[in-house]
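The values are calculated or read from the model by the stated rules, or taken from the named source; none is laboratory data. Remember, it's a predicted structure, so these values are computed and weren't measured experimentally. Because the Cβ atoms are built from the backbone with ideal geometry, glycine has one as well, and the counts that use them run over all protein chains shown. Only protein heavy atoms, including side chains, enter the accessible area calculation; ligands, DNA and RNA are left aside. Shrake-Rupley method; radii C 1.70, N 1.55, O 1.52, S 1.80 Å.
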Amino acid sequence: MKDKSLVSITDFNKEEYLRILEIAAGFEENPNQKLLNDHVVASLFFEPSTRTRLSFETAANRLGARVIGFSDSGSTSVKKGESLKDTIIMVSGYADIIVMRHPRDGAARWASEVSTVPVINAGDGANQHPTQCLLDMYSIMQTQGTLDNLNIAFIGDLKYGRTVHSLVQAMCSFNPTFHLVSPEELKLPSSSKMHIKNSNLTYHQYTELADVIPIADIIYMTRIQKERFSDPLDYEKVKNSYVLDRAMLHNCKPNMKILHPLPRVNEISEDVDETPQAFYFKQAENGVYVRQALLAAIAGVK
Amino acid sequence: MKKEQRHLNVTAIENGTVIDHIPANNVFKVLHILNLENNKNQVLFGDNLDSKKYGKKGIIKVSNTYFDANEINKIALVAPTATFIEIKDFEVVTKKTVEVPDQIKSIVKCFNPNCITNVEFVPSHFTVVDKENMKLLCHYCEKITGRNNIVFA
């Protein structure tokens, strides 16, 4: 993986996913390893992000790298009309690895083509967010002891949730059964269903959250965003129908864990936080180890 | 007979390419994709001509110009039925048909308005994932542009 860019989750194969998860487990045991003392990591956030930026910068710092960059394009020459291409060519002359979040779909692929150093996509518009996907896989592995043959339930906005699309794609290598729970207007898009079919796997669609609780090994919750609905009345109808609370968990499997890419609004009641099923905060913490693993693997020191 | 021959003389070309069986009303798109708008040779074209095979068709004749397979396949999106007839000394030398290419670069716009190719100066690039139904997967934003959304750059 040395010098390889990570733009889309499909840029890596099954062996590479597993290698990253294995390296990440090593960093979880021993997070402070100054392996990148002589490296500069550029953290270019053209739109704001809390978790992704902080966890990338934490990862780089724990590895001993120095971090340059910005957290908002407002304070950069983008405001003067500089093109993404020019910004990336310039920064690739300064840094050894570029981590980039950008509001436009496909910006990360373009950056990786003009950059002379590897680019890690930290989210490009509604398109891809591969490091979120890897940390989701790491969390699944950690809670289930395996990635193989699991029942994975996705809840909420399956149409626009890029984390859902990437995770569905990546997990297709591990023989899961998918359980898809969403309102009619936010069903998983046909392109994602095509991946499932092409892998000869099965999926089941539901509209009731309660139906999947007893069968799921993993429940992956997402936030339903008001701005996704053209008719505000449609939003009002579904906004409270995919809310998970403590009482609903009485018949879940003992190994079941709840994941959520965060931020959460009201789709998981706070009374769930104290249950053994809640895993979303630990999942966010895992982002640091997975990003350490990626930086180290791409820099060629692991 | 004599009259017919004179008619032929006007339209026949000595050396060059006849692009026949273009779907009616797509002649201008073909002219654009093959950049014939800027060709300095004689370019003759007709649209809505009678065709035994298709009812109506378009035709283009370009003097002293020949097209390689790459260029021919560029028009697959608008004229998959077209034939490229190469003429030398008024004689037909070869006939070439259009094949749908695996990759399409620069000629089509991505239909996703938030795609980087529509925001910055980035040449578009698609993989043809379904040749029959013309589904184009954007190399950048990974969205599919379908036949009905195809707009030429």
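Within the listed set B:Ala12, B:Ala76, B:Ala24, the Gaussian network model of chain B (springs between alpha-carbon atoms below 10 Å) gives the highest mean-square fluctuation for B:Ala12. Distance between the modelled labels on A:Asp38 and B:Thr81, one decimal in nanometres: 6.6 nm (7 Å Cα→Cβ projection). Across chain A, the longest run free of exposed loop sites, meaning GluC sites (Glu not before Pro) lying outside DSSP classes H, G, I, E and B with no more than 15 other Cβ atoms within 10 Å, spans A:83-207. For chain B, the longest principal axis of the Cα atoms and the long axis of helix B:2-11 meet at an angle of about 30 degrees. A Gaussian network model of chain A, with springs between Cα atoms under 10 Å, assigns the largest mean-square fluctuation among A:Thr131, A:Thr202, A:Thr52 to A:Thr202. Extension gain, A:Ala247 to A:Ser83: 0.36 nm times the residue separation minus the Cα-Cα distance gives 53.9 nm. Annotation note: trypsin sites (Lys or Arg not before Pro) in region A:1-108 located in DSSP loop regions with a Cβ neighbour count of at most 11 within 10 Å are A:Lys2, A:Lys34.
Run the helix sum for chain A: -39,500 (n - 2.57) per DSSP H stretch of 4+ residues, divided by residue count, reported at 222 nm to the nearest 500 deg cm²/dmol.
Helices in chain A give a 222 nm mean residue ellipticity of -11000 deg cm²/dmol.
Determine which residues of region A:1-25 fall in the zone a paramagnetic label at A:Phe70 would reach in this model, i.e. backbone nitrogen under 19 Å from the point 7 Å along Cα→Cβ. Nothing falls inside the zone, counting backbone N under 19 Å.
Legend: residues A:Val212, A:Val40, sorted from most to least accessible area (1.4 Å probe; ligands, DNA and RNA excluded), read A:Val40, A:Val212. Summary of the geometry: region A:89-117 and region A:124-168, compared by the centres of their Cα atoms, lie 24 Å apart. For the protein assembly as shown, the Cβ-based charge dipole about the Cα centre amounts to some 1220 debye (Lys, Arg positive; Asp, Glu negative; other atoms uncharged). Of all the options B:Phe121, B:Phe45, B:Phe28, the one that moves most in a Gaussian network model of chain B with Cα springs shorter than 10 angstrom is B:Phe121. Summing charges over all other residues whose Cβ lies under 12 Å from the Cβ of A:Asp273, with Lys and Arg as +1 and Asp and Glu as -1, gives -1.
Largest accessible area first, the residues B:Phe152, A:Phe174, B:Phe90 order themselves as B:Phe90, B:Phe152, A:Phe174 under a 1.4 Å probe with ligands, DNA and RNA left out.
Ordered from longest to shortest, the equivalent ellipsoid semi-axes for the protein assembly as shown are 51, 27, 19 Å, each the square root of 5 times a Cα gyration tensor eigenvalue.
Would you please state which residues of region B:96-123 a label at B:Glu132 would reach in this model, taking the label point 7 Å out along Cα→Cβ and a backbone N cut-off of under 19 Å? Only B:99-102 pass the distance filter.
Under the combined filter of DSSP loop state and at most 14 neighbouring Cβ atoms within 10 Å, region B:24-100 retains these trypsin sites (Lys or Arg not before Pro): B:Lys40, B:Lys52, B:Lys53. Between the beta carbons of A:Glu236 and A:Asn13, assuming R0 = 45 Å, the FRET efficiency works out to 0.55 to the nearest 0.05. Between A:Asn149 and A:Ser190, the simple spin-label model (points 7 angstrom out along Cα→Cβ) gives 3.4 nm.
Label separation (B:Thr97 vs B:Glu120): 4.2 nm, computed from points 7 Å beyond Cα along the C-beta direction. Distance between the C-alpha centers of region A:225-295 and region B:19-94? Whole Å please. What the calculation gives is 58 Å, centre to centre. Averaged over the residues of peptide B:116-126, the number of Cβ atoms from other protein chains lying within 10 Å of each residue's Cβ is 5.
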